[in-house]
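So the structure is just underneath, and the comments pick up after that.
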Amino acid sequence: MKQVPFIYEVNCFYYDIEDFEVKGKTVTAELIFEIEHFHCVYYKGVYTLIHTPSGYPIKDYHSKEILQVIATYFLEVMDWSLPKAPALVLECENLKIFLGEVVGAALDGQKPPVLKEKLNYQIIFLNYPEIRSRWGEFEQAWEHLNNLEGLENIKQQVKQLIQQLRGQLINTGKVKNVTQSMHMLFTGPPGTGKTEVARIISKIFYSLGIIEQDEVHEHDPSTLVSSNIGRTEEQTRQAMDKARGGVFFVDEAYALFREGKDFGKEAIDVMVKYMEDYRDDIVVILAGYTSDMEYFLTNANPGLRSRIRFTFTFQNYTPEQLGNIVVRILLSNHYNIDKNVPIALQKAMVHMAEQGAVYGNARAARSLAEDIIDQLNIRIGKEFGKVDTLLIVAEDVNNATGANFHPNEQEGMKGIQEKALKDIHSLIGLKEIKEQVEELIKYVEVEKLHFEHGLSLEKPRLHMTFEGPPGTGKTTVARILGEFFRSSGLLSTGQFIEANRSDFVAEYQGQTAKKTQGIFNKAKGGILFIDEAYSLYRGYRDTFGLEAVDIIISEMENMREDLVVILAGYTEDMNHLMKANAGFESRISRRFNFSDYSKEDIINMVKLLLKKNNLYFSSAKDDIIEELFSEVSTFSGNGRWASNFVGEVQKAQFSRISDESKNTTVNKEMLTKIIASDLKKAFRNIQLSHTSIRTD
């Protein structure tokens, strides 16, 4: 770019052989073409590209076509509507270099270079004076985010959120402002980076002007709930008032809602009100275990879920990622790392995971780092004067891990194994499936011993199919197996990823491979449950589906030591899928057949669901479920039918209580009682709204 004086008065330019001022003198020029925010003029044999809002000459060249290409590329990079846009470019060295590369590409007839992600964000700050001074805070948060170990899905979500906020900035003043909340839900195991990511988001929101202060006010239920009557509401209000303008982070938020603890409910009600009334002045982030937070959102307060705008799901770290975290912890404490340490650490983490002695979170990594430092100190004590006192070597890693895990960790894993078996046996019906699962567990335990004693060269392949109609417990059994395989050391995380055709097969050429590979990378270490797997391939014309199937089969082999793929669907359809590619047969070790639930199973399921929803028969004579179902031969949908029926019972009860409340005061006991008429109405509604009941 030329270092020439700016000319801000566009009106001093006259085109079509008129006068305009450049470098202090009046010249005659001809307007050749105009494109948004740019004019190309011809003067003394040279074409000049001029930024019209400022009058600044951008580029001279002998070809108007080249200047048009350059102008088009420039418009894709930043907002040139600002009169000071050229000055902003001159202030940003990285942007000057990039635009120079754009010009070079245009002159060479090449495609323009891709704008680097960080520079793309810096341009946001250049374009908006009100946040320009906060670029440093954003850059710091950006670097922190990208340097986090693992958490690729979280990084992608945060980046997508930044782009969304950028879009809002661009449209500021062009559309009617709608105040939207930025409240979030962080779900996942402890020690997986939730608090750290909350701090990063706080800094990003502050830099972009979403909140007024870069401060995360961290709480857990104990800091909000008081043991004194009437104090919880006041205590929570004070905490949230203090957090206004910033981020209010509540870890283990689900603990606010516990049966019989009304004080926690007071805190929740205050939070929900603040989340609505001050949605433009506070960002609330609620964090906790996935299942607990789901129960919390469903039951704690009817308005809570609707106020959560973004959900971030955190996964356990893989053994490799945990090893990297250990190295980072050691380096941050000013220890030096011998070149053989990362290799020894990687082997140790994988071995510990196989033995079921490590959980996939950063707390395990910190604990291991402390053990390694202890081993270094022991070695220094034995060999003082002979060793580098700051150098961690492979010996320290091996001594800290070895085969001697902490007893409480081993006991914890045994408890998970026992829980998996207990969970399987607690399921209603599924007699044959339970027997098959028990046999599988026994096989896994013995085969694992073979592998550990060198009698087998690889861990057992555990890919399988779950075949049968919907609603027969396939997903539930798959989740339980994931936990068991993790506790047995066969899977590093035991996470459960559910997917279907749309997660693998794209609409455009070249995208299917990327989507399919992404799902496998996300599922590594756990269970990949592919529902309606038969829909992956729809015949010889389905080239994208066939491409997905080929990659799935390949990755089932490549990742077999730390991934279990479960293909689910109707038996006949699954048979067709097996024939679509012979590779499936050789990779599937077991096929489980789930049958329709019996009438007795459905009745027991309904009664269990009623109990879970705190619904009880007003008297023994009101239990007419068996009478209602006596003539029903088929419950299509199985467990889902039972769930739908209980939902109808609740609706019927709500309607009845609403009518009764006009003449009497509703108490807690009335809210938990159901009567025969509720069941009859629910059954009648199910019959009317579904073709899912067949009577003999």
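Taking the empirical scaling 2.2 N^0.38 Å for compact globular proteins as reference, the range 599-692 has a Cα radius of gyration ratio of 1.07.
Taking 7 Å steps out from each Cα toward its Cβ at Leu90 and Asn521 produces label points 4.3 nm apart. Label-to-label distance for Asn663 and Asn340 is 8.8 nm, based on points extended 7 Å past Cα in the beta-carbon direction. The residue list Ile66, Phe384, Met78 was ranked by how far each Cα lies along the charge dipole of the chain toward its positive end, using unit charges on Cβ atoms, and Met78 comes out on top. The mean sequence distance of close C-alpha pairs (under 8 Å, at least 6 residues apart), as a share of the length of the chain, puts its relative contact order at 8 percent. Working note: Karplus 6.51/-1.76/1.60 with θ = phi - 60° gives the range 136-143 the couplings x, 5, 5, 4, 4, 5, 4, 5 Hz, where Gly and Pro are set to x. Note on Thr298, Thr664, Thr472, Thr195: ascending count of other Cβ atoms within 10 Å places them as Thr664, Thr298, Thr195, Thr472, the fewest first.
Around Asp388, with a cut-off of 13 angstrom between Cβ atoms, what is the net charge of the other residues, counting Lys and Arg +1 and Asp and Glu -1? Walk me through the numbers on the way to the answer.
Numbers: positive: Arg379, Lys386; negative: Asp338, Glu383, Glu395, Asp396.
For residues surrounding Asp388, the net value is -2.
Toward the positive end of the charge dipole of the chain, about the Cα centre and with charges on Cβ (Lys, Arg +1; Asp, Glu -1), which of Thr672, Asn644, Ala478 goes farthest? The listed residue farthest towards the positive side: Thr672. Taking one quarter of the surface of the C-alpha convex hull of the range 409-593 gives a mean projected area of 10.6 nm². Can you classify the chain as rounded, prolate or oblate using the Cα gyration tensor, where a ≥ b ≥ c are the square roots of its eigenvalues, rounded means a/c under 1.5, and otherwise it's prolate if a/b beats b/c and oblate if not? Note, shape of the chain comes out prolate. Compared with the alpha-carbon gap, the fully stretched path from Tyr295 to Asn558 is longer by 91.0 nm at 0.36 nm per residue.
Could you give the length gained on full extension between Lys155 and Glu439, defined as 0.36 nm per residue of separation minus the Cα-Cα distance, in nm? Before the final figure, lay out the partial values.
Numbers: separation 284, 0.36 × 284 = 102.24 nm, distance 4.07 nm.
Taking Lys155 through Glu439 to full extension adds about 98.2 nm, to one decimal.
Once both labels are positioned 7 Å from their Cα atoms along Cα-to-Cβ, the gap between Leu75 and Leu391 label points is 6.2 nm. The residues His51, His576, when put in order of fewest to most other Cβ atoms within 10 Å, stand as His576, His51. For the pair the range 37-72 and the range 81-103, the centres of their Cα atoms are 15 angstrom apart.
In this calculation the C-beta distance from Gln163 to Glu600 is compared with R0 = 51 Å, giving a FRET efficiency of 0.40. Cross-link reach is defined here as a Cα-Cα straight distance under 18 Å, omitting same-chain residues fewer than 8 places apart; for Lys265 the lysines meeting it are Lys273, Lys668.
If I take R0 = 35 Å and measure r between the Cβ atoms of Tyr570 and Glu418 in this structure, what FRET efficiency does the formula 1/(1 + (r/R0)^6) give, to the nearest 0.05? Before the final figure, lay out the partial values.
Details: r = 33 Å, r/R0 = 0.95.
Efficiency for this residue pair is about 0.55.
For the chain, the mean residue ellipticity at 222 nm estimated from helices alone is -16500 deg cm²/dmol, where every DSSP H run of n ≥ 4 contributes -39500 (n - 2.57) and the total is divided by all residues, rounded to the nearest 500. Cross-link check: pairs Lys116/Lys524; Lys111/Lys515; Lys419/Lys442 evaluated at a Cα-Cα cut-off of 23 Å; pairs beyond the cut-off: Lys116/Lys524; Lys111/Lys515. In plain terms, the chain from Gln509 to Arg366 could stretch by 47.0 nm, reckoned as 0.36 nm per residue minus the Cα-Cα distance. Counting only aspartates and glutamates at least 8 places from Lys579 when in the same chain, those with an alpha carbon closer than 19 Å to its own are Glu467, Asp531, Glu532, Asp542, Glu547, Asp550, Glu555, Glu557.
If you plug the beta carbon distance of Asp280 and Arg656 into 1/(1 + (r/R0)^6) with R0 = 41 Å, you get a FRET efficiency near 0.50.
What is the fewest-to-most order of Ile325, Ile66, Ile378, Ile123 by other Cβ atoms lying within 10 Å of their Cβ? Write out the running numbers ahead of the final one.
Working: Ile325 24, Ile66 17, Ile378 13, Ile123 20.
By the 10 Å Cβ count, ascending: Ile378, Ile66, Ile123, Ile325.
Between the listed residues His425, Phe257, Ala582, the Cα displaced farthest toward the positive end of the dipole of the chain, a dipole computed from Cβ unit charges relative to the Cα centre, is found at Phe257. Once C-alpha pairs closer than 8 Å and six or more residues apart are averaged by separation and normalised to the residue number of the range 599-692, the relative contact order reads 42 percent. Mark the label point 7 Å from the Cα of Tyr43 along Cα→Cβ and return the residues of the range 58-91 whose backbone N is within less than 14 Å of it. Correct set: 58-61. Computed from point charges on the beta carbon alone (+1 for Lys and Arg, -1 for Asp and Glu), the dipole magnitude for the chain about its Cα centre is near 600 Debye.
The 3J(HN,Hα) values that the Karplus relation (6.51, -1.76, 1.60; θ = phi - 60°) gives for the range 676-685 are, in residue order, 4, 5, 5, 5, 5, 5, 5, 5, 5, 5 Hz. Gly and Pro appear as x. Take every DSSP beta bridge whose two residues both sit in the chain; close to 40 percent of them are antiparallel.
With a ≥ b ≥ c taken as the square roots of the eigenvalues of the C-alpha gyration tensor of the range 430-539, please select rounded if a/c is under 1.5 and otherwise prolate if a/b is larger than b/c or oblate if it is not? Let's see the in-between values first.
Working: a/c = 2.42, a/b = 1.47, b/c = 1.65.
Oblate, since a/c reaches 1.5 and b/c is not below a/b.
3J(HN,Hα) along the range 281-292: 10, 7, 10, 9, 10, 9, 10, x, 4, 4, 5, 5 Hz, from the Karplus curve 6.51 cos²θ - 1.76 cosθ + 1.60 with θ = phi - 60°, whole Hz, x for Gly and Pro.
Which of rounded, prolate, oblate describes the range 177-234, given a ≥ b ≥ c as roots of the alpha-carbon gyration tensor eigenvalues and a/c under 1.5 marking rounded, otherwise prolate only if a/b is larger than b/c? Since a/c reaches 1.5 but b/c is at least a/b, the shape of the range 177-234 is classed as oblate.
Taken together, the values in this text are just the output of simple stated rules run on the coordinates, not laboratory data. Since this is a predicted model, take the numbers as computed values, not measurements. All Cβ positions, glycine included, derive from the backbone under ideal geometry; neighbour counts span all protein chains shown.
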